[in-house]
Amino acid sequence: MTDSFNRPIDYVRIAITDRCNLRCFYCMPAEGMPYEAKSHLLSFEEIKRILIVLGTLGFKKIRFTGGEPFLRKDFMQLLAETAKLEAYESIHITSNGTLLQKHIQKLKDLGITKINLSLDTLNKDRFHEITRRDDFEKVMQTFYMLVDHKFQIKLNAVIMKGINTQDIIPLAELAKKHAVDVRFIEEMPFNGGYKNNKDMYRATDIFADLKAYYSTLEKLPSHHGDTASLFRVPGYKGNIGLIAAFSRTFCGTCNRLRISSKGEIKSCLYDDGTINIRDFIRSGVSNEVLADKFREIIRLKPMDGFTAEKMRKSPSNVMQSMSSIGG
């Protein structure tokens, strides 16, 4: 499948829950966000049906997100069923790492070894300030267990001015001894309204910090669909990445759809949502009609995040939460 800008669309991100056991302040208020009733969420059968249909349309990559996906009780069963489909060459998971440890061997048995682990600091006290939870040591144990079991790890850190810019180099140094991608992400406007978005620490600022410390930093080749610009330090086992999520410099090769836990499809992170596929499925449509709807959504995918933002019906994004949008 290609969109109207001739971009191949073969990657879907599905949030399987809106629930999270952390309370990261840049994602949601301390009291959390109102959770959807279970009946409002995509069911196991609905998610599987979506994956079957997208597989017939040529989708090759799936990422399961949340909230925290391991809070969903049938998640491991869903992973097993997804692996059985044999339509997806690459099955990925984004997790905060707090509930993952006991599933590591089962994930390996399923051939699922690609994990994005969210970690914004290597300082225990700052971790508590950011997440409002005391789970730092648990997350670090998960990280080292994943390393020991040879998982392909992408470590995601949201960098916030005045909060954790001092963590950029310590986090980057994890790539010295470990074959991981340490990726620094611009803070996005989907922050539950905790502040305005005018005073961001941009990708250019992060790069300046990295370049000042690593004079030998080298740019690596990019591939279609990459959100991160990757760099390497000679002699390091892993790589260092920058994701310009707010600056939106990677839209030209976007290859994805995003589906929220209650079935809202976003063909761009910055749009209002194109359709609620949950309601469309529950109206009784056939798989053929469902496939046609996905084709229509892909054709209407906007050129970039700035275009999508201009087309929004609601004037502001900031009261949304990434936990409700989907990871």
*If you average the sequence gap of Cα pairs under 8 Å that are 6 or more apart and divide by the length of the range 238-303, what percent do you get for the contact order?*
22
*asked:* Taking C-beta distances below 4.7 angstrom as the pairing criterion, name the unpartnered cysteines of the chain, in sequence order.
replied: Cys20, Cys251, Cys254, Cys268
*Measure out, as a whole number of angstrom, how far apart the alpha-carbon centroids of the range 198-277 and the range 1-19 sit.*
16
*Within the accessible area of the range 38-191, what % is carbon and sulfur when the probe is 1.4 Å and the other protein chains stay in place?*
48
_Could you give the length gained by full extension between Arg312 and Ala37, i.e. 0.36 nm per residue of separation minus their alpha carbon distance, to one decimal place?_
96.4 nm
*Using a Förster distance of 51 Å, how high is the FRET efficiency between Tyr213 and Asp272, based on the Cβ-Cβ distance and rounded to 0.05?*
0.80
*Calculate the all-directions average of the projected area of the range 118-161's alpha-carbon convex hull, and give it in nm².*
3.1
*Report Rg/Rh for the range 100-140, rounded to two decimals, where Rg is the Cα radius of gyration and Rh the Kirkwood radius.*
1.10
_Contact order normalised by residue count of the range 18-174, Cα under 8 Å, 6+ apart, percent_ = 23
*Just for the chain, what percent of DSSP beta bridges are antiparallel, to the closest 5?*
25
*Can you give the convex hull volume of the alpha carbon atoms of the range 194-315 per residue, in Å³?*
160
*Taking only Cα atoms, what is the 0 to 90° angle, nearest 10, from helix 75-85's long axis to the longest principal axis of the chain?*
70
*Alpha carbon centroid spacing (whole Å) that separates the range 21-93 from the range 94-158*: 18
_For the range 83-228, share of DSSP beta bridges that run antiparallel, in % to the nearest 5_ = 0
_For the chain, take the longest principal axis of its alpha carbons; what is the angle in degrees between that and the long axis of helix 203-213, to the nearest 10 within 0 to 90?_
30
*Would you calculate a helix-derived [θ] at 222 nm for the chain, using -39,500 (n - 2.57) for each DSSP H run of n ≥ 4 and dividing by the full residue count, to the nearest 500?*
-8500 deg cm²/dmol
*For helix 136-148, report the angle its Cα long axis makes with the longest principal axis of the Cα atoms of the chain; keep it between 0 and 90° and round to the nearest 10°.*
80
_Calculated Rg and Dmax of the Cα atoms in Å (choose from (1) 21.7, 78; (2) 19.0, 59; (3) 20.4, 71), label_ = (2)
*Long-range amide H contacts for Thr2: which residues qualify at under 5 Å (H placed 1.01 Å from N, peptide plane, sequence gap of 5 or more or a different chain)?*
Ile9
*Taking only the alpha-carbon atoms of the range 32-161, what semi-axes of the equivalent ellipsoid follow from 5 times the gyration tensor eigenvalues under a square root, in whole Å, largest first?*
27, 19, 13
*Measuring with a 1.4 Å probe in the full set of protein chains, what accessible area per residue, in whole Å², belongs to the chain?*
44
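The values are calculated or read from the model by the stated rules, or taken from the named source; none is laboratory data. Computed from a predicted structure; not experimentally measured. Cβ sites come from the backbone with ideal geometry, for glycine too, and all protein chains shown count toward neighbours. Just so you know, the surface numbers come from the protein's heavy atoms only, side chains and all, with ligands and any DNA or RNA stripped out. Shrake-Rupley method; radii C 1.70, N 1.55, O 1.52, S 1.80 Å.
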